[in-house]
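The values are calculated or read from the model by the stated rules, or taken from the named source; none is laboratory data. Model, not experiment: these values are computed from the prediction. Please note: Cβ atoms are built from the backbone with ideal geometry, for glycine as well, and neighbour counts cover all protein chains shown. Heads up: the accessible areas ignore ligands, DNA and RNA and are worked out on the full protein's heavy atoms, side chains in. Shrake-Rupley method; radii C 1.70, N 1.55, O 1.52, S 1.80 Å.
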Amino acid sequence: MFHIGSARTALFNWLYARHTGGTFILRVEDTDAARNKPEYVDVILQGLAWLGLDWDEGPQLGGGDEESNFQTNPIYMWRRRYAGKVKGDKGPYFQSQRSAIYKGYVDRLLSEGKAYESDGAIKFRTPKTPITVPDLICGNIQFDRTNEPDLVIQRKDGSPVFHLVNVVDDIEMAVTHVIRGEDHLSNTQKHLALIEAIGAKPPHYAHIPLILNPNGSKMSKRDAGASIADYEEQGYLPEAVRNYLCLLGWSPKDNREVFPIEEVVTKFDLPQVGRANARFDIDKLFWINGEYMRAATLEAIEPLARAILQKHGIATEKIDPAYFRAALSIVKEKIKLGRELPEWMAYFFTEDFPFDEAAVKKVFTPEGLANIGKLRERLSQLDAAHFTASDLETEFKTLAAATSQKVGALIHPIRLAVSGRPVGPSLYHLLEVLSKERVLGRLDRAEKQFAS
């Protein structure tokens with residue numbers, strides 16, 4: 001899985017690179033063979049691409065139409081695999097392909113007496129003097145190191161350890177800034193020691209606050225809401241998730257919670273990142289997604305809607321595009337998550353939709369069914385050109401006045417008859433989108449099915 005904390009860390013690196021005109025590097029840490037599978041890399045690449053976080057150096061996408069979709073429409077959902085290409089001249093960007101580089105540094109540390117062999121592993125001689133870690137967010141952090149054990153930099157099986165490979169890659173790739181979670185702060189003093197022993201210039205470090213659960217515990221991979229893929233599956237918009245992740249440690253200082261990413265790029269800087277750990281608030285993310293849903297254009301939402309409905313067995317490719325967009329246009333304002341789309345839209349595309357049982361008992365009374373018949377007669381006399389929301393509203397109000405009823409007495413049975421649901425978008429607009437022939441057929445079905 002691609003953890004939401006990793007996504008937020010990637011986002012802050014991306015924002016800083018874009019703000020400063022720098023280079024955002026994607027490296028794949030795959031030296032642990034037991035935890036290294038191609039599909040795990042896919043998850044990372046897919047998560048970053050879904051969030052719209054394009055990288056300047058690193059594993060390249062497969063190219064073709066899929067890469068074009070990534071560049072132009074991050075809402076578009078797809079899967080693709082690593083194609084073996086890279087962009088950037090400091091690769092390989094998979095650490096498993098850099099073994100010879102790491103071995104050269106290990107041999108050098110051994111030859112200079114700064115490392116030694118211990119039970120088949122290679123250990124670095126950790127200095128036992130105090131060290132100050134300068135951090136662009138946390139300030140100067142002191143570490144004693146008096147009792148700091150020597151650091152394993154190469155396992156018994158010959159594979160290099162995280163601490164060594166990251167330090168070497170930072171040096172080799174001329175990394176200037178490392179932005180990562182505060183839980184890595186204790187590692188940084190080890191990395192500075194290695195960098196000093198190698199004789200290189202260290203990058204600037206910035207450790208961002210942790211993401212906590214609502215109860216204050218650290219958000220682990222097993223916690224609800226920890227996986228980026230879950231948000232894609234539920235139909236969150238990537239722009240909304242990205243917006244919310246910005247708020248986990250940073251804010252524009254004007255109490256706004258919804259803002260375009262272009263504005264964040266212009267304003268983002270490391271001194272503005274707070275020290276306090278950020279508590280994850282799924283309700284706020286849900287609200288932000290609703291704001292983005294309402295503001296999104298039909299062109300932006302349509303690929304998401306088609307993909308989700310397709311997963312629910314609705315063959316969207318067979319649906320008239322104009323009819324699909326018309327249906328989507330009237331339900332868009334009602335939904336806050338893409339996963340709600342099947343519930344709100346399925347009845348547009350089948351005449352065999354189910355009826356809400358509780359609503360049937362409440363609405364399809366003898367009076368309700370009689371109103372269906374009366375309104376069906378009036379609607380049948382409208383020509384197709386006048387089967388519009390405004391004309392339909394007039395018909396409803398005219399019949400209600402003629403029969404001394406409130407308009408609601410007509411609206412509820414008609415809505416249930418044409419959709420099977422007691423709630424939905426504006427009924428007059430719903431009827432217009434369904435069109436005269438489809439509406440009359442559904443009214444006939446309801447009368448026949450429930451008349452007895």
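Observations, loosely collected:
- Based on DSSP H segments of at least four residues, each scored -39500 (n - 2.57), the chain has a per-residue ellipticity at 222 nm of -14500 deg cm²/dmol.
- log₁₀ of I(q)/I(0) at q = 0.07 Å⁻¹ - the chain, Debye sum with one point per alpha carbon: -0.51
- Once all protein chains are placed together, Met1 keeps about 100 Å² accessible to a 1.4 angstrom probe.
- Partner lysines whose Cα lies under 18 Å from the Cα of Lys103, excluding those fewer than 8 positions away in the same chain, are identified as Lys90, Lys114, Lys123, Lys156.
- Rounded FRET efficiency, nearest 0.05, which uses the C-beta distance separating Lys334 from Phe162 and R0 of 41 Å: 0.30
- Equivalent-ellipsoid semi-axes of segment 123-265, from the Cα gyration tensor, Å, largest first: 34, 19, 16
- With the gyration tensor restricted to C-alpha atoms of segment 319-405, the semi-axes of the equivalent ellipsoid amount to 27, 20, 13 Å, longest first.
- Segment 371-452, dipole about Cα centre (Lys/Arg Cβ +1, Asp/Glu Cβ -1), debye to the nearest 20: 320 debye
- Looking at segment 221-361, the accessible area is 49 square angstrom per residue; that uses a 1.4 Å probe and ignores ligands, DNA and RNA.
- Applying D = kT/(6 pi eta Rh) to segment 219-277, where Rh is the Kirkwood radius over alpha-carbon pairs, T corresponds to 25 °C and eta to 0.890 mPa s, the Stokes-Einstein value obtained is 189 µm²/s.
- Distance between modelled label sites at Ala100 and Lys201, nm, 7 Å Cα→Cβ extension: 2.8 nm
- Paramagnetic label reach from Glu263 (point 7 Å along Cα→Cβ; backbone nitrogen cut-off under 18 Å): within segment 275-308, residues 285, 287-297.
- Here the chain has 51 percent of its accessible surface on carbon and sulfur atoms, given a 1.4 Å probe and all protein chains in place.
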